[in-house]
């Protein structure tokens, strides 16, 4: 059997999933409730399965609907981006710079970089998509970006990569923590300390686990989360200590954390990627130059603080 699903059917289906009711889905799509109901019914008849059941007055997606949503969401998101691009062309809107950034780049260096960039390029709209590591492969395959600032390693043509930084991780602690008085916190110092870390599927978590295992040190992991920025937020709330990249740590320092050196060295490495099949944009090159400057400034400031602490 060959199915010819209609885009409008899938839009209605996604709207009901996201909005929770036919009424709100109709409002989101600017069509009537009967029109949404008809589109959903036509889709169910075409597929031969029920996509929703009504429980306590609300529509609940069936397992088949959840599977369909997971499979269709990426495709529908592409149509959303295409629709936005068409509107931009039709309305002659401002130029847009599309950036993909791993969380340390997005939260650590990118805000300051974009602030500087905007001072000389106020007419360019910058769109930043934050991508955790498992999503980077999809973004690099689709090539829907002007610049990607990501955590290494990544399989990508060398001529389209620019190395940005290789930096040692730092230890972040709640304000007033006794270990904050040390010039450098060692792995042994963290034995028995409440420890906040990345989720098990993160590459940095895997490498960190191997480091502590090799040293024979048992951490008392109390919280797991997805990004270095949330590690810093949890540490600021007093949930434990953690090891993160220095860019994120410096961003969160004013919000209530102590930042110290960590030994042995645990490195974080970053590159910037340009699209493979189109020329580098001048705007993207400007962003890269600013990022490189910020990396240098960050390390100069950190070196000065370390010297003052001696």
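The values are calculated or read from the model by the stated rules, or taken from the named source; none is laboratory data. Because the structure is predicted, anything quoted here is derived from the model rather than measured. Neighbour counts run over all protein chains shown; Cβ positions are idealised from the backbone, glycine included.
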Check your understanding: Does segment 247-287 hold any residues that are touching a residue at least 24 places away in the same chain (Cβ under 8 Å), assigned by TED's automatic domain parsing to the domain that holds residue 144, out of contact with any strand residue (DSSP E or B) (no Cβ under 9 Å at 6 or more places or on another chain) and in a helix (DSSP H, G or I), and which are they?
Key -> 286
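Yes or no, residue by residue, for (1) at pLDDT 95 or above; (2) assigned to a strand (DSSP E or B); (3) farther than 23 Å from residue 255 by Cα:
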residue: 196; (1), (2), (3): yes, yes, no
residue: 200; (1), (2), (3): no, no, yes
residue: 204; (1), (2), (3): no, no, yes
residue: 207; (1), (2), (3): no, no, yes
residue: 232; (1), (2), (3): yes, no, no
residue: 235; (1), (2), (3): yes, no, no
**Study point:** Single unsatisfied condition, residue 145 versus (1) closer than 23 Å to residue 100 by Cβ; (2) assigned by TED's automatic domain parsing to the domain that holds residue 249; (3) out of contact with any helix residue (DSSP H, G or I) (no Cβ under 6 Å at 6 or more places or on another chain)
**Key:** (2)
Point to revise | Per-region count, segment 143-173, residues crowded, with 19+ Cβ neighbours inside 10 Å and farther than 24 Å from residue 294 by Cβ | key: 1
Review point. If residue 88 satisfies every condition in (1) touching a strand residue (DSSP E or B) at 6+ places or on another chain (Cβ under 8 Å); (2) surrounded by fewer than 17 Cβ atoms within 10 Å (Cβ to Cβ); (3) modelled with pLDDT of 75 or more; (4) assigned to a helix (DSSP H, G or I) but one, which is the exception?
Key: (3)
Review point. Which of the following residues is closer than 30 Å to residue 99 by Cα, touching a helix residue (DSSP H, G or I) at 6+ places or on another chain (Cβ under 7 Å) and not assigned by TED's automatic domain parsing to the domain that holds residue 145: 244, 235?
Key: 244
Review point. Which of the residues belonging to segment 55-81 are loosely packed, with under 11 Cβ neighbours inside 10 Å and modelled with pLDDT of 80 or more?
Key: 63
Check your understanding: Can residue 131 be described as touching a helix residue (DSSP H, G or I) at 6+ places or on another chain (Cβ under 9 Å), in contact (Cβ under 8 Å) with a residue 40 or more places away in the chain and either more than 16 Å from residue 285 (Cα to Cα) or not assigned by TED's automatic domain parsing to the domain that holds residue 202 (or both)?
Key -> no
